[in-house]
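Colleague: Sharing a structure below in structure tokens format, with a few things to ask.
The values are calculated or read from the model by the stated rules, or taken from the named source; none is laboratory data. These numbers were taken from a predicted model, which means no experiment stands behind them. When we count neighbours, we look across all protein chains shown, and the Cβ atoms used for this are built from the backbone with ideal geometry, even at glycine. Surface accessibility is based on the protein's heavy atoms, side chains included, excluding ligands, DNA and RNA. Shrake-Rupley method; radii C 1.70, N 1.55, O 1.52, S 1.80 Å.
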Amino acid sequence: KKQWLGLVIGLIGLIPILLTSSPTEQAWGEFLFISWPELAILGGVALHSYSWILVRKLVRKRSHTPLVVNGITMLGGGIVALITAPLIEGIAPILKPLDHLVPFVGWLLFVVIVSNIICYNLYGYLLKKYSPTFLSFSGFLVPIFAALYGWGLLSEKITWHFYASCAIVLAGLYLFYQDELKNTASFYQ
């Protein structure tokens, strides 16, 4: 019951952020008070969370290493992206000179190594210790870090909506984790 309460509180924590909208979001239209781009993101988050449940099954029950699962999913996702990108975006030739391409490739490699190799494998390792529900719920912290990076690096303004959502989500995450600790302790006894 405590985990469900934590999840509900965490979802309620998203409401202040969902109530805000930009002119770009409004141009896409809304369903009730949530914009279509926000609905697409929420759907993506739900599918992403479900994917980690499947990854945990592969790691725990099928005894695959997180590295193998990560490699196969990244390869499959890359192939799907290569197929769909020209269909949706068209084929764009590279028109910039090489002096712009070299720094781009360097930063691209950095992002790929940090996010796809280090972080995803760390996430797979954490699935051995924590439940996929808790790790997925911890993903609610991602927008907090994005806002902090925007504030620190781009001088973006952080509104009260952010602080309210942050406090509520953290409270829900705390409740959820307290119950998960209790369940984990009783599992090992």
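Colleague: Tell me, what % of the accessible area of the chain is carbon and sulfur with a 1.4 angstrom probe?
Modeller: Carbon and sulfur together cover 74 percent of it.
Colleague: Another question, if that's okay. If you build the Cα gyration tensor of region 69-180 and take the root of 5 times each eigenvalue, what three semi-axes come out, in whole angstrom, biggest first?
Modeller: Working through the eigenvalues yields semi-axes of 33, 22, 14 Å.
Colleague: Looking at the chain as a GNM with Cα springs under 10 Å, which of Ser131, Ser49, Ser63 has the largest mean-square fluctuation?
Modeller: In this elastic network of the chain, the residue with the biggest mean-square fluctuation among Ser131, Ser49, Ser63 is Ser63.
Colleague: Further question on the same structure: Take Ile88, Ile83, Ile17 and sort them by solvent-accessible surface of the protein heavy atoms, 1.4 Å probe, largest at the top.
Modeller: The residues order as Ile88, Ile83, Ile17, largest area first.
Colleague: Further question: What order do Val114, Val142 take when sorted by accessible area (1.4 Å probe), most exposed first?
Modeller: Per-residue accessible area, sorted high to low, gives Val142, Val114.
Colleague: Further, regarding this structure: Which of Gly124, Gly139, Gly44 moves the most in a Gaussian network model of the chain with Cα springs under 10 Å?
Modeller: Gly44
Colleague: How much mean residue ellipticity at 222 nm does the chain get from its helices, if each DSSP H run of length 4 or more adds -39500 (n - 2.57) and you divide by all residues, to the nearest 500 deg cm²/dmol?
Modeller: Taken over the chain, the calculation gives -24000 deg cm²/dmol.
Colleague: Cut-off under 16 Å on the C-alpha distance; same-chain residues fewer than 8 positions from Lys1 excluded. Which lysines are left, in chain and number order?
Modeller: Lys182
Colleague: Among the lysines, which fall within straight-line cross-link reach of Lys57, defined as a Cα-Cα distance under 16 Å, with same-chain neighbours fewer than 8 residues apart omitted?
Modeller: Partners within reach: Lys128, Lys129.
Colleague: Taking the solvent-accessible surface of protein heavy atoms with a 1.4 Å probe, what is the per residue accessible area of the chain in Å²?
Modeller: Per residue, the chain has an accessible area of 73 Å².
Colleague: Next up: Mind checking Rg over Rh on the chain, alpha carbons, Kirkwood formula for Rh?
Modeller: The Rg/Rh ratio comes out at 1.01.
Colleague: If every alpha-carbon in region 48-95 counts as one equal scatterer, what log10 I(q)/I(0) does Debye give at q = 0.14 1/Å?
Modeller: -0.49
Colleague: Rounded to the nearest 10 Å², what accessible area does Phe162 show when all protein chains are kept and the probe is 1.4 Å?
Modeller: Roughly 20 Å² of Phe162 is accessible to a 1.4 Å probe.
Colleague: Relative contact order of the chain: what whole-number percent is it, with Cα pairs under 8 angstrom and at least 6 residues apart?
Modeller: 49 percent
Colleague: Right, another one. Less than 18 Å from a label point 7 Å out along the Cα-to-Cβ axis of His64: which backbone N atoms in region 113-136 qualify, by residue?
Modeller: What the label zone holds, given the 18 Å backbone N cut-off, is 116-129, 132.
Colleague: Further question on the same structure: Starting from 0.36 nm per residue, how many nanometres of slack lie between Ile91 and Lys157 once their C-alpha separation is accounted for?
Modeller: Working it through step by step, the gained length comes to 20.2 nm.
Colleague: Apply the Karplus parameterisation 6.51 cos²θ - 1.76 cosθ + 1.60, with θ equal to phi minus 60°, to every residue of region 37-47 and state each ³J(HN,Hα) to the nearest whole Hz, in sequence, with x for glycine and proline.
Modeller: In residue order, the calculated couplings are x, 5, 4, 5, 5, 4, x, x, 5, 4, 5 Hz.
Colleague: Please report, in whole Å, how far the alpha carbons of region 1-75 spread along each principal axis, starting with the longest.
Modeller: 47, 37, 15
Colleague: With all protein chains present, calculate the accessible area of Tyr123 using a 1.4 Å probe and round the result to the nearest 10 Å².
Modeller: 50 Å²
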